[in-house]
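Read through the structure below, which is laid out as structure tokens, and then see the notes.
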Protein chains: 2
Amino acid sequence: MAKKDKTYQSALHEKDGIDPPKTLSKDSAISIKSKRQKQPSVDDLVEGITSGNITALSRAITLVESTNKAHTDKARNIITACLPYANKSIRIGITGVPGVGKSTFIEAFGTYLTSIGKKVAVLAVDPSSTLSKGSILGDKTRMEDLVKDENAFIRPSPSGNSLGGVARKTRETIVLCEAAGFDIIIIETVGVGQSETTVHSMVDFFLLLKLAGAGDELQGIKRGIIEMADAIIINKADGSNLKAAKSAKVEFNRALHLYPSKASGWSPKVTLCSALKKVGIADAWNLIKDYCEITTSNQYFEHNRNNQNKFWLLQTIDEHLKSNFYESPKIKLELQKQIDLVEAGKTTPFAAAEYLLSL
Amino acid sequence: MAKKDKTYQSALHEKDGIDPPKTLSKDSAISIKSKRQKQPSVDDLVEGITSGNITALSRAITLVESTNKAHTDKARNIITACLPYANKSIRIGITGVPGVGKSTFIEAFGTYLTSIGKKVAVLAVDPSSTLSKGSILGDKTRMEDLVKDENAFIRPSPSGNSLGGVARKTRETIVLCEAAGFDIIIIETVGVGQSETTVHSMVDFFLLLKLAGAGDELQGIKRGIIEMADAIIINKADGSNLKAAKSAKVEFNRALHLYPSKASGWSPKVTLCSALKKVGIADAWNLIKDYCEITTSNQYFEHNRNNQNKFWLLQTIDEHLKSNFYESPKIKLELQKQIDLVEAGKTTPFAAAEYLLSL
């Protein structure tokens, strides 16, 4: 209805309008209403998740991945309610360059684990998904058996505008998967940017997949990856590759020796496997079991998870502080000018920083 | 004078006091006044520094190192005025564990450089100086010749309450030394905490001093140091040590091969030296000259300095943002509580961070 107030009866007053037509038919209204009723509540989803309902789990993860404020609020409540049921899994990070056979390994490893009674969730952290909207685990055809396995749950990498955002969603998804009863959480990543470091800081055990090849086995490995690995598994160790794989094992063992010992008390191991022929898969699992035994008895396992939590708490704060600062219009305007002045030798980095902080 | 106000004439009123005696004698006043006049102005100091006056340089560095606001303001003005004269040196970082012979090496290397007409400044970044008030370069008796050399300037590590603070003072001191005509700036550090990374981010060339010893030469080396080194120099390669030093050289060359190639286009080198017998010192300098030639022609040298400036600008901002946040009384009160809640599984790191950021 248009305004009728006497005080507005000037030459510019508005005429009384007519009521808009009723475009919302009765049928539509009923349909919308029924759909709204179908949106499960926080309690519904938590109950579903904790009783192992995959639909409830998937829906909750979708809320975690949403950028809609109402969804993220709901997601936060679900996660908080799931926390008492979480934390009871083994979280395994798996990395390796494209072509090393990550999908084939996860397929073989995952189906082995479900065959011995485990429930396996497979997640991914793929920073390139920011651009390509998800590439790892996108092609589930390479995990044919695992996809059909009722004790396995596969979820591609969430997309996000920062690695921090992707990581946060994945960490929250871990909590939901654990509450849904998954006792092995595999997190796959490709070696892009900081993604391995990010995955390393959210898992209990970090596994590097490698291939045996010609020449120096270590050439081209990204800085720091070897240091993070709890195990290096040389894949495709079959047929004519076997000899090269064996000598790669020697080479890697030698390389691992060069690094200082780990706070976990665990000495990283090198093993061979053929994911395609399902050889060496049980060995990988036994290795991880050994690791868990050692680090549980020396309390590193729990200590590490606490440290990771603290790291993520501080990391989240740091990210917010920085983005608040750098996204302020004043700073956006002045930052490059100050960098230029520093480069031109007209000011020092410290004086420039002080100036920017004073804005 | 004591209060005389009528309103205070109660039983508790104060009696009139007497004026204090004149403790400041005429002579003292004249002496203080003349000392005050001797405090050089910014212009005086800049003129002194740029004409190579060591007293002016030392005084300016003392202002840089001061925590007094008036001093730091003055220091900032001096640095800004010195900037046009700075940036024309080669900055060399030197690290190595205690006992490797850093002081002896710097003594030999520094006197070699002055003998070929260079002016050498030796600074230090020692995070342990926070507690011990300076330990490296504190004992100048190990640099007897260099101390007496008029073309050398040695300044111990500044103290500070954070590595960031120590680093800032050292970086500003580099500018002053360059303006004073020093064309080689050596920055010594011990392998404590993040100090090597800090020094690496303020130098053009990073040199790791090592000893040949029994067993695996790489055992015990701190993570990432080898990756940062542009050269590894094996010291004490003399007498009965020579054979071990030679095989250590082979071992290190092998290790350096394992790392990805550097953005500088420079392949790190391993050489032998005996700082005590002054053998291999010219080789070290020739190596650095080669490095400068290559990185000047491929423009990495300038590119790296610009990156370092940008790094220090952003780093300084980050440190300020964090200290502002974490030193707020509200956060001090709540941070540990939130960490405890996260550890107890009652909240997630992300929810805790959001809560703290909302305070």
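If amide hydrogens are placed 1.01 Å from N in the peptide plane, which non-local residues have theirs closer than 5 Å to the one on A:Lys269?
When sequence neighbours closer than 5 places are left aside, the close amide H contacts are A:Ala231, A:Ile232.
How do the peptides B:278-285, A:297-304, B:93-100 rank, highest first, by the average count of neighbouring beta carbon atoms within 10 Å per residue?
Put in order of decreasing packing, that is B:93-100, B:278-285, A:297-304.
Which whole-angstrom value gives the distance between the alpha carbon centres of region B:231-245 and region B:330-359?
53
Just order B:349-356, B:170-177, A:179-186 by mean Cβ neighbour count inside 10 Å, highest at the front, would you? Working shown, then result.
Details: B:349-356: 20.4, B:170-177: 25.1, A:179-186: 22.5.
Most protected by this proxy first, the peptides run B:170-177, A:179-186, B:349-356.
Across peptide A:350-357, how many C-beta atoms of other chains are within 10 Å of each residue C-beta, on average?
6
Using θ = phi - 60° and the Karplus curve 6.51 cos²θ - 1.76 cosθ + 1.60, what whole-Hz ³J(HN,Hα) does each residue of region B:90-104 get, with Gly and Pro shown as x?
9, 9, 10, x, 10, 10, x, 5, x, x, 6, x, 4, 4, 4
Net charge around B:Ile339, counting only other residues with Cβ within less than 14 Å of its Cβ (Lys, Arg = +1; Asp, Glu = -1)?
Once positives and negatives cancel, what remains is +2.
Give, rounded to the nearest 20 debye, the magnitude of the charge dipole that region B:210-359 has about its Cα centre when Lys and Arg contribute +1 at Cβ and Asp and Glu contribute -1 at Cβ. Could you put the intermediate results ahead of the total?
On the way: 20 positive and 17 negative charges, 102 e Å.
Dipole about the Cα centre, nearest 20: 480 debye.
Among the listed pairs A:Lys322/B:Lys262; B:Lys119/B:Lys262; A:Lys119/B:Lys346; B:Lys243/B:Lys278, which have their C-alpha atoms separated by more than 22 angstrom in this model?
Beyond 22 Å between Cα atoms: A:Lys322/B:Lys262; B:Lys119/B:Lys262; A:Lys119/B:Lys346.
Taking each residue in B:336-348, count the Cβ atoms of any other chain within 10 Å of its Cβ, then average. What number comes out?
4
Could you work out the local net charge near A:Lys88, counting Lys and Arg as +1, Asp and Glu as -1, over the other residues with Cβ closer than 14 Å to its Cβ?
Here the charged neighbours net out to 0.
Mind listing the long-range amide H neighbours of A:Val279? Cut-off is under 5 Å, sequence gap 5 or more, other chains count too, H placed in the peptide plane at 1.01 Å from N.
Here the answer is A:Ser274, since their amide H atoms fall under 5 Å of that of A:Val279.
With no solvent and one point on each alpha carbon, what is the Debye value of log10 I(q)/I(0) for region B:313-358 at q = 0.13, 0.21, 0.30 Å⁻¹?
-0.34, -0.72, -1.01
Where does region A:39-85 land on the Kirkwood hydrodynamic radius, alpha-carbon pairs, in angstrom?
10.3
About its Cα centre, what dipole magnitude does region A:313-358 give when the only charges are +1 on Lys and Arg Cβ and -1 on Asp and Glu Cβ, stated in debye to the nearest 20? Kindly include the intermediate steps, with their values, before the conclusion.
Working: 5 positive and 7 negative charges, 28 e Å.
Dipole magnitude for region A:313-358 comes out near 140 debye.
If Lys and Arg each add +1 and Asp and Glu each add -1, what is the summed charge of the other residues whose beta carbon sits under 11 Å from the beta carbon of A:Asp183?
Numbers: positive: A:Lys88, A:Arg91, A:Lys118, A:Lys119; negative: A:Glu178.
Counting the neighbours of A:Asp183, the net charge comes to +3.
Averaged across A:254-260, how many Cβ atoms of other chains sit within 10 Å of each residue's Cβ atom? Please list the in-between numbers first.
Working: counts 3, 3, 0, 3, 10, 4, 6.
Mean inter-chain Cβ contacts per residue within 10 Å come to 4.
Amide H neighbours of B:Ala152 under 5 Å, at least 5 residues apart or on other chains, H built in the peptide plane: list them.
B:Val120
Can you pick out the pairs among B:Lys118/B:Lys169; A:Lys69/A:Lys169; A:Lys118/A:Lys269 whose Cα atoms lie more than 21 Å from each other?
B:Lys118/B:Lys169; A:Lys118/A:Lys269
Rounded, prolate or oblate: which one fits region A:86-298, using the alpha carbon gyration tensor with axes a ≥ b ≥ c (rounded when a/c is under 1.5, else prolate when a/b beats b/c, else oblate)?
rounded
Every number here is computed from the coordinates shown, using simple stated rules; none is lab data. Being a predicted model, the structure only gives us computed values, none of them experimental. Glycine also receives a Cβ, built like all others from the backbone with ideal geometry; neighbour counts cover every protein chain displayed.
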